[in-house]
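The structure under discussion appears below in the form of structure tokens.
The values are calculated or read from the model by the stated rules, or taken from the named source; none is laboratory data. None of the values given here were measured: they were computed from a predicted structure. All Cβ positions, even for glycine, are placed from backbone atoms using ideal geometry, and neighbour counts span all protein chains on display. When the accessible area is computed, the model is the full protein with side chains, heavy atoms only, and any ligands, DNA or RNA have been set aside. Shrake-Rupley method; radii C 1.70, N 1.55, O 1.52, S 1.80 Å.
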Amino acid sequence: MENKKSDFSSWYNEIIDISGLSDKRYPIKGMNVWLPYGLKAMKSIDNIIREHVDNSGFQEVQFPVLITRDQLSIEFEHVKGFENEVYWVTRGGMEPLDVEMALRPTSEAAMYGMFQLWVRAHTDLPLKIYQIVSVYRYETKHTRTFIRIREIHFFEAHTAHTDYASAERQMEEYRRIWNEISSELCLPFIVDQRPDWDKFPGAMYTLAFDTAMPGGRSLQIGTIHQYGENFSKNYGIEYLKEDGTHSFVSQTTFGLSERLLAAIIGIHGDDTGLIFPPSIAPVQVIIVPIPSEGADTDGYAVRVKEYLSAAGFRAQIDSRDNYTPGFKFNEWEMKGVPLRIEVGGREVHDSTVTLRLRTGGSRIKCNLTDVASEVSKALSSVKEILRKRASDHFEKSMVDGDTIEKIKNGESMFRFYWCGSRECSDHLEADTGKTVLGMQREMNSTGRCIICGKEGKLATASTPY
Ligand code: ZN
């Protein structure tokens, strides 16, 4: 296998192929086939997202994939230039359509016409919905699996509130939900407020969650947007207030995508292959029987699996008899299964099992009757180790950019002081080739702008995917 550190890009492409996550050979560029193993991982991520938004009072919906040009045009008042990134449907059978339609690039235009019908009075608010669907972008840049593609597996939450203060509280709730999701996935991040020229078109402001991929490039893995009344005014989403007057709703959105899987692959994997956080691993425990004279290791493996399945773990036995145990160990390590259980003659004789964590360390032996609780402990350790490794990597990837030279020559993300002006951002980008991702939202420290010397705040620059 390719070396992750010396050639991350090749490693990334290779591991996606050989672990069976996705097949890139589909004849449309940027539209790949989700293979069973990859789809299971993605569905597990979806379920973690669902659990957290459902618990916060969101309801799941599903809107049609087609949006009329008229619906989109309302949004296009904000979204100039977006039109070039949309797939247009212009014919039904052989007949040209009266109204051209777009494959949804995102669903503001699809949803807000319906919001206008649904929202009548303050008692209908807040309205909190989400969907997990494919969205489409006519991507002309170089495509990369799970990172830059034309059919995107997408989570989008949309809300409507009585006023801006309530929408701001929603933004805080998104942050809490995101903290929980990212913690489950063991993904560190920084919150960057995108510069005005780089925020979502139509948003008052955009907060992005940026993480560091191996090799130093950043990856945006989530965004939340405050729309205020910008969309509700265009789509006419008004409600009757208690005092009998009408008011426009304030709105927010929260978007996540299969880039979460890209981050998990890139950040947690190693030269042996993938490492899945236990919460999303399609197989959490692989049980490998080691044939032994006079011991029924296959039958014993079934008993081990029964204990684990009863406790709710996703366990599987590799009973293929045309492969050696060593081959099986390597294959499941490559596929990122967080925990392996070996059962040989000695285990059968002693009524024990032997555990081996994908993250390394020595083997752990326990009694068969304790296997569920030991597995639970072992999976928690894997999660902790991944979280620690990922945050160490992130800290190393976020370097102090105290001089232009350093930012120019370094392959990492940089924190630096910036006054917030477009001029200084353009200047920095021209001098260093890095992109200004925005002000670091959580950091309050102030210093001199690296370009103009005026008072600035901590900002992030990097080469984003
Ligand atoms: Zn400046």
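Dipole orientation for region 8-268: of the candidates 240, 190, 10, 10 has the Cα lying most toward the positive pole (charges on Cβ; Lys, Arg +1; Asp, Glu -1).
Across region 8-268, the relative contact order, built from alpha-carbon pairs under 8 Å that are at least six residues apart, equals 19 percent.
In straight-distance terms, cross-link reach from residue 408 covers every one of the aspartates and glutamates whose alpha-carbon lies under 17 Å from its own, apart from those fewer than eight places away in the same chain; here that gives 400, 426, 429, 431. What's the angle, to the nearest 10 degrees (0 to 90), between helix 164-184's Cα axis and the longest principal axis of the chain? Once rounded, one gets 20 degrees.
Residue ranking by accessible heavy-atom surface, 1.4 Å probe, largest first, among 455, 429 comes out as 455, 429.
Dipole magnitude for region 78-145: about 320 debye, using +1 per Lys or Arg Cβ and -1 per Asp or Glu Cβ, origin at the Cα centre.
Along its first, second and third principal axes, ordered by size, the chain spans 82, 54, 51 Å in Cα coordinates. Shape of region 8-80 from its Cα gyration tensor (a ≥ b ≥ c, root eigenvalues): rounded if a/c is under 1.5, otherwise prolate when a/b > b/c, or oblate? Verdict is oblate for region 8-80. The heavy atoms of residue 189 offer some 50 square angstrom of accessible surface to a 1.4 angstrom probe.
Close amide H contacts of residue 343 (hydrogens built in the peptide plane, cut-off under 5 Å, sequence separation of 5 or more or a different chain): 288, 290. Counted over all Cα-Cα pairs of region 185-232, pairs farther apart than 17 Å make up 40 percent. Once the Cα atoms of helix 371-397 and of the chain are each reduced to a long axis, what angle between those two axes, in degrees from 0 to 90 to the nearest 10, is obtained? Between the helix axis and the principal axis of the chain, the angle is about 50 degrees. Measure out, as a whole number of angstrom, how far apart the alpha-carbon centroids of region 138-190 and region 279-312 sit. Rounded to whole Å, the Cα centres lie 37 Å apart. Given +1 at the Cβ of Lys and Arg, -1 at the Cβ of Asp and Glu and no other charges, the dipole of the chain around its Cα centre is 800 debye to the nearest 20. Compare the Cα positions of 205, 446, 158 along the charge dipole of the chain (+1 at Cβ of Lys, Arg; -1 at Cβ of Asp, Glu; about the Cα centre) and return the one farthest towards the positive end. Farthest along the dipole direction, towards plus: 446.
The candidates 5, 128, 43, arranged from most to least accessible area with a 1.4 Å probe in the full protein assembly, appear as 5, 43, 128.
Taking loop as defined by DSSP and a crowding limit of 12 other beta carbons within 10 Å, which GluC sites (Glu not before Pro) in region 362-420 fit?
Working: sites: 374, 384, 395, 405, 411; in loops: 411.
Taking region 362-420 and a limit of 12 other Cβ atoms within 10 Å, the loop GluC sites (Glu not before Pro) found are 411.
The residues 327, 155, sorted by heavy-atom accessible surface at 1.4 Å with ligands and nucleic acids left out, run 327, 155 from largest to smallest. Taking all protein chains as shown and a probe of 1.4 angstrom, residue 52 keeps an accessible surface of around 30 Å².
Put simply, the amide H of residue 100, placed in the peptide plane, has neighbours under 5 Å in 69, leaving out anything fewer than 5 places away on its chain. To the nearest 10, the accessible area of residue 320 is 80 Å² with a 1.4 Å probe. For region 160-265, a simple Cβ point-charge model (Lys and Arg +1, Asp and Glu -1, everything else neutral) yields a dipole of about 320 debye relative to the Cα centre. Which whole-angstrom value gives the distance between the alpha carbon centres of region 221-263 and region 396-426? If we compute the Cα centre of each part, the gap is 32 Å.
Positive-end ranking of 133, 105, 338 along the dipole of the chain, with charges on Cβ about the Cα centre, is headed by 338. Calculated [222 nm] ellipticity per residue, helices only, for the chain: -11000 deg cm²/dmol; basis is -39500 (n - 2.57) per DSSP H run with n ≥ 4, divided by all residues, nearest 500. In this structure the amide hydrogen of residue 438, modeled in the peptide plane, comes within under 5 Å of the amide hydrogens of 460, none closer than 5 places in sequence on its chain. The C-alpha atoms of region 283-381 occupy a region whose extents along the principal axes are 35, 29, 24 Å, arranged from largest to smallest.
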